[in-house]
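The values are calculated or read from the model by the stated rules, or taken from the named source; none is laboratory data. In this text the structure is predicted, and so the values were computed from the model without any measurement. A quick note on method: Cβ atoms are made from the backbone with ideal geometry, for glycine too, and the neighbour counts reach across all protein chains shown. Accessible surface areas use protein heavy atoms only, side chains included; no ligands, DNA or RNA. Shrake-Rupley method; radii C 1.70, N 1.55, O 1.52, S 1.80 Å.
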Amino acid sequence: MSISIKSAVTPGGEQLINIPADLDILKSLGFSAEQAAGLITEAAKNAQLENSIAARRTLYMTEADPLFLEWQYDETSEKEKAWRDKVAEIKALYPLP
């Protein structure tokens, strides 16, 4: 999977979108090595955040939401605990950076 930078402004003032997060490409666009490294680091953090959110969303829908509905139907503390435990498990499995 290649990471891309959603948008950036070159030192020359040009607005760019969907730039590959590659040091050589960024340097050829006029960024210094330090600026390029910062852009790449930020893009990697954003990609990690997006992946964690997507994974959480999938597990919430497939695993936690059915437990929530059971709790809403039964209104028992055991069902509520099962749902809350599942949510905590998902959050621990995919922590947000």
Quiz item: Just one of the numbered conditions (1) surrounded by 15 or more Cβ atoms within 10 Å (Cβ to Cβ); (2) modelled with pLDDT of 95 or more; (3) within 20 Å of the chain's Cα centre (by Cα) is not true of Leu67; which one?
Solution: (3)
Exercise. Kindly list, by first and then second residue, each pair from a residue in the range 77-97 that is more than 11 Å from Tyr60 (Cα to Cα) to a residue that is of a type in the set (S, T, N, Q), limited to pairs with Cβ atoms under 6 Å and residues at least 6 apart or on different chains.
Key: Tyr94/Ser52; Leu96/Ser52; Pro97/Gln48
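List the helices (runs of 4 or more DSSP H) that sit entirely inside the range 26-97 and contain at least 1 residues that are under 20 Å from Val9 (Cβ atoms).
Details: elements: 33-59, 65-74, 77-93.
Output list reads 33-59.
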Practice problem: State the number of residues belonging to the range 1-22 that are open to solvent by 70 Å² or more (accessible area, probe 1.4 Å) and not in a strand (DSSP E or B). | Solution: 5
Quiz item: How many of the residues in the range 25-76 are without any contact (Cβ under 8 Å) to a residue 24 or more places away in the chain, under 17 Å from Lys6 (Cα atoms) and of a type in the set (Asp, Glu)?
Solution: 1
Exercise. Mind telling me which of the residues Ala92, Ala82, Ala33 ends up being surrounded by 14 or more Cβ atoms within 10 Å (Cβ to Cβ) and small (Gly, Ala, Ser)?
Key: Ala82
